[in-house]
Each structure stands twice: as structure tokens, then as C-alpha cells.
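The values are calculated or read from the model by the stated rules, or taken from the named source; none is laboratory data. In this text the structure is predicted, and so the values were computed from the model without any measurement. Positions of Cβ are generated from backbone atoms using ideal geometry, with glycine treated the same way; all protein chains shown enter the neighbour counts. Please note that ligands, DNA and RNA were not included when accessible areas were found on the heavy atoms of the full protein model with its side chains. Shrake-Rupley method; radii C 1.70, N 1.55, O 1.52, S 1.80 Å.
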Amino acid sequence: GGQGSSGGSAGTGGAGDSVAIAGQTFLLSSSGQGVEPADGVRVTASLDRDGDGSIEANEQASGLADEDGKYSLRAPAELGRTTVVAFEEDGYAKLIRTVRIESLADVALDGTLAEMEKLVCENSRCRDNAGTVSVTGIPMASGYAKVFNPATDADRFPGSFSDNQGNMLISAVFGAFELRNESGDLIEQLEPAEPATITMRVPRDTWEVIVDIIPGDDRVTVPMFYFDETARDGVMERTGQIRDAGGVLISEADLDSIHDGSYSGALFAEAEVTHFSYWNVDWPLEDNTCMGGVV
């Protein structure tokens, strides 16, 4: 699920260790028809060495891909810990990879960025043309967003399908947001008292994983996660609810028909948020094990 690991000979893990990470970046058009090398993608690798919850200048490295999409970084690393590698390009969903460092040998890591959909704003609501994602309650001049299907877009998932409690995450839908104000600056943080509302259409492929986490309130309440690049894991910050295309909340009584696929109509996850990057509808799964192999 978007996770890499280093191989080769062992090294010594100290406060100043680093590892060479190199690869090639590509851009995928929103139509899905073309993939081409990405010129100028910014690649950033980071590791919160001291665990203070922030990334300082000496805890990250960044660079730009060349005209062939190739990049190379000397990234901060420690044995047994995870370095976060982010690929960024305007108008494309930020790609976040996690690399657990098992040795200080070179790491090969490619990245393909997916083009986002331009949002059209009307009556304080901004949405894509297909109606898969929307944002309301925020003063924005322009924006892009994209909703991903975990069943087919697992390689786009931010991080490695795990939360900060060590649980595996089962995802119903996740989405990337890039919103800008009148000055052209990214809108990343909102006032807690003035949240925005996001909606993401839940693909039919994942309806069967939907679980109501607060039974008895006659609605389907779902967990909302975001990826914390400092903590290197998903963090559950708030809850949302499932509604239909007309904005009506889905009842718990509808879950059986949702799970067996007989429910007619579209389902949307809706939640109030106070910051933007990725938002995921995920459920932690405590009982799991790890498997490894060669494909």
C-alpha cells in the first residue's frame, strides 16, 4: 500500500545517518490516457529524528526532478524508523510514500502523480464536474481535488495503510485537496470555529467495508483520518457521516442493502474539517499480520 523498504548491507544508525533515495517521477492525466516523465516535481524526504512533532531544516532534504523525471536525494534516515517521501506538483495529488529503513543502502523509489480535477464554485460550494467531491464554507479563489478508490488506487494511498496506534487501516474512500485563496496561497489550516465541509463519493467497490462506529443514533457515522507526515502514520481526528446524493443522511437500517449492493443511488462521506491535504474514511483493524515476498 505505497510502502517501500531499503535493502542491501547493514549500516550503523546514528542521529546523523542518511540514505540515498533516487528514482523517476511521472505524471498521469485525469483521463488516464497518458503517463509521461515529470519535469520539475518537488521531492521531499523527512524524518522527525528528535520526536518533537515538527520537521526542522536538518530533518529533511528536497530537490527537483530533471527533464526526464529523475531525482536523487540524500535523505535523513535511522535504522528501524520510517522516512516519509513526498512528491508534489501543482494540480496533481500529492503522492506520499513511506520507506522503512532496514539498512543504509541505496533506495530506489519511483512515483506517479495523478492529475486532480478543477473545482467549479457556485453559491459558496465548490465541486468537480463529475460530482465526486465538494468543499463548502471556505473562501477560496481556485482549487483542485480528487477522490480515489482504495480498491483500484491503493498505490495512491498516503502512507502505508496504518494508523498511529499500529493498526492496519481498511479504507472506503480517500481524497486529496489543493485549495488557494485570493493571493494564490495554499489554504492549509482553518480556524477551529470556522470549519469547511467536504464530501467524497464512496465507490461501490468499497461499500461492504462501511461500518457504523456509533450505533443507535439512526445515522451511519464513519471515522475520518488524515496522514500526519511528521508522525508517519494515519491519525483519526474526527468523524463524518454517510448521506445520499440529495444530502439526506443514510439510516443504519440501510446498511444491509448497502453491504449486499442492492441499495440504489450514490453514497457520500461528509465531514467538517479544519485543515487540508488528504482526508480518508478508514477503519482500524487490530487483528492483522504482515507478509512479505517477491512479485
Which percent of the Cα-Cα distances in the chain go past 23 Å? 57
Three-way shape label, the range 149-295, alpha-carbon gyration tensor, a/c 1.5: oblate
Between N288 and E122, 0.36 nm times their residue separation minus their Cα-Cα distance comes to what? 55.3 nm
Under 18 Å from the D39 label point (7 Å along Cα→beta-carbon), backbone N, the range 61-98: 64-72, 88-92
One quarter of the convex hull surface, Cα atoms only: what value does that give for the range 27-119 in nm²? 7.0
How much of the accessible area of the chain, in percent, comes from carbon and sulfur atoms when a 1.4 Å probe is used? 45
Amide N of the range 105-144 lying under 13 Å from the label point, which is placed 7 angstrom from the Cα of N181 along Cα→Cβ: 138-142
How large, in Å, is the range 131-189 by the Kirkwood hydrodynamic radius built from its alpha-carbon pairs? 13.4
Probe of 1.4 angstrom, ligands and nucleic acids ignored: what's the accessible area per residue over the chain, in square angstrom? 48
Lysines within cross-link reach of K118: Cα-Cα under 19 Å, excluding same-chain residues under 8 positions apart? K94, K146
With the contact rule set at Cα under 8 Å and sequence spacing of 6 or more, what percent relative contact order holds for the chain? 17
FRET efficiency estimate (nearest 0.05) - Cβ-Cβ, H275 to R74, R0 41 angstrom: 0.85
Dimensions (Å) - the range 35-86, Cα atoms, principal axes, largest first: 38, 21, 17
